[in-house]
Amino acid sequence: METDDLPDLHANKRKRADTNPDEIDSPSPMRSFSHNLSQSLSQNQLGLSLPDQGYPSMANSPTHGHQLPSLPLDSNISSAAFQNNAFSSTPIDSPFRQFAEPTQENANKPPEKIENLEVTGFIGDNPLVGLDPIIITSWKEINDLKALVYPHDASYSEEDKGLIAEKMELAIAHHLNCHRPLVTTPKAAKNYESRKADNHRPWCYLVTKLSEENLDTIIKDRFISNHFTTLHILPFSPHPSHYIGRIRNLTYSEKQQKAVTTLIHRTLEDSSTVKNFIDEFTSSHHDLIPGSIVRRGKTREYIIKSARAFFIESGGISSKAHYQWNWYILTPTKKQEYTEPWTKFFADVIFNAGVQGVGDTITSLKCPRCKSTNHTEVECPFTKRSDHIKPPPSHQPARNTRGGRGGRRGNSRGRGRGRVTYD
């Protein structure tokens, strides 16, 4: 299919500089083309109440080893998070469905439920890790609609990056049924060690030359897979995903999701350390909290009630020993330097569920395929969503084909059993 000659059906639509999926359904006022445009956050819809699961108080064991960080004051800026449902091809607009400022009667209700994510771990400038600083500056200064794209199973290759960019252009054009956009290749920073844990960065390419509606569409879709290639799409400056980590060592089954969420709520509510941390942190950093919530002094309650847990079988193994829970809580600010201590604090919380176990949070997960930090390679939901993604290889060691009896044993020295990664 030749896509260069296809018209951009929305080419005359008004444009804006930095498109964010959480602003797609909001009314669009006049916008500046400046890349420094402040992105306003329409307020979160409220109204989800949680049933009481009848748990005993967790007051005696809610947290472990916390120290309140010293947080400098800074001016607040606004935005929201990108989000999606983990195992559905239907994109979710936002972790909180948004509408106008909450009214007096619903301001105390908890936020709309957070959904589990397909991709987490991108925020602020961290998608640009490994990119030459000069290129980072030039991309930020581009006065046009723009987003970031990266291929599934991404790695960095000087030899192949031009071909990869072309395939992504064709895939996007085919997906939108419009003219080909412009995908700009990255340039690795000098002396950047790409074989560290970052897994061959930089991964991200820049996409421009799309109408506002088409750019909004691909950011909202977040994932494209067709016969040209498979790729992921991010806003140019991603906002926090609210993901904390994965709780392990609790024996609740999948049907007990509400019980685990209630355990999290009660653990946080019963901890003076947690409450003091939230109060101190949000006194300076609350740009993602509705103004009426802040003014009414309900910020702490609003944040705690936003917490959610989602069942997952670790490694895809159906066994009680592999029951785990991805959990999320509203991040009150989009500034990366403050979201990191926020996430670290909550990752240290201990959840004492009595006979159901004592849960702690792990944050070391990484999918080398889609680059998300809330699942592993074998759990990657995109493998199931696309016919164009090959399943992960088996990690079972090859069998030794020894000769007859008395044959030489294989020597495994020097043969590491590290898992396969995709470069």
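The values are calculated or read from the model by the stated rules, or taken from the named source; none is laboratory data. Computed from a predicted structure; not experimentally measured. For neighbour counting, all protein chains shown are included, and Cβ atoms are generated from backbone atoms with ideal geometry for every residue, glycine included.
Selection of first residues in segment 205-220 that are surrounded by fewer than 22 Cβ atoms within 10 Å (Cβ to Cβ) and of a type in the set (K, R) and of second residues that are modelled with pLDDT under 95 and not in a loop (DSSP other than H, G, I, E, B), restricted to Cβ pairs under 8 Å at least 6 apart or on distinct chains, gives the following pairs, ordered by first then second residue: K220/P21. When E280 is tested against (1) in contact with a helix residue (DSSP H, G or I) (Cβ under 8 Å, 6 or more places away or on another chain); (2) in a helix (DSSP H, G or I); (3) surrounded by fewer than 18 Cβ atoms within 10 Å (Cβ to Cβ); (4) not hydrophobic (A, V, I, L, M, F, W, C), only condition (1) is not met.
Under the condition of being touching a helix residue (DSSP H, G or I) at 6+ places or on another chain (Cβ under 9 Å) and either surrounded by fewer than 23 Cβ atoms within 10 Å (Cβ to Cβ) or within 19 Å of E337 (Cβ to Cβ) (or both), the residues counted in segment 251-264 number 5.
Of all residues in segment 351-372 being more than 16 Å from the chain's Cα centre (by Cα) and part of a loop (DSSP other than H, G, I, E, B), which is surrounded by the most Cβ atoms within 10 Å (Cβ to Cβ)? Looking at residues that are more than 16 Å from the chain's Cα centre (by Cα) and part of a loop (DSSP other than H, G, I, E, B), I get A353. Just checking, does segment 345-354 include any residue being small (G, A, S) and more than 20 Å from L330 (Cα to Cα)? Among the residues of segment 345-354, at least one is small (G, A, S) and more than 20 Å from L330 (Cα to Cα), which makes the answer yes. In segment 328-345, the residues that are within 16 Å of H265 (Cα to Cα) and in the same structural domain as I304 (by TED's automatic domain parsing) reach residues that are crowded, with 19+ Cβ neighbours inside 10 Å and among the polar types (S, T, N, Q) with C-beta atoms within less than 7 angstrom, at least six apart or across chains, in these pairs: I329/S306; L330/S306; T331/T339. For K187, the conditions (1) in contact with a Pro (Cβ under 9 Å, 6 or more places away or on another chain); (2) free of Cβ contacts under 8 Å to residues at least 60 places away in the same chain; (3) surrounded by 23 or more Cβ atoms within 10 Å (Cβ to Cβ) all hold with the exception of (3).
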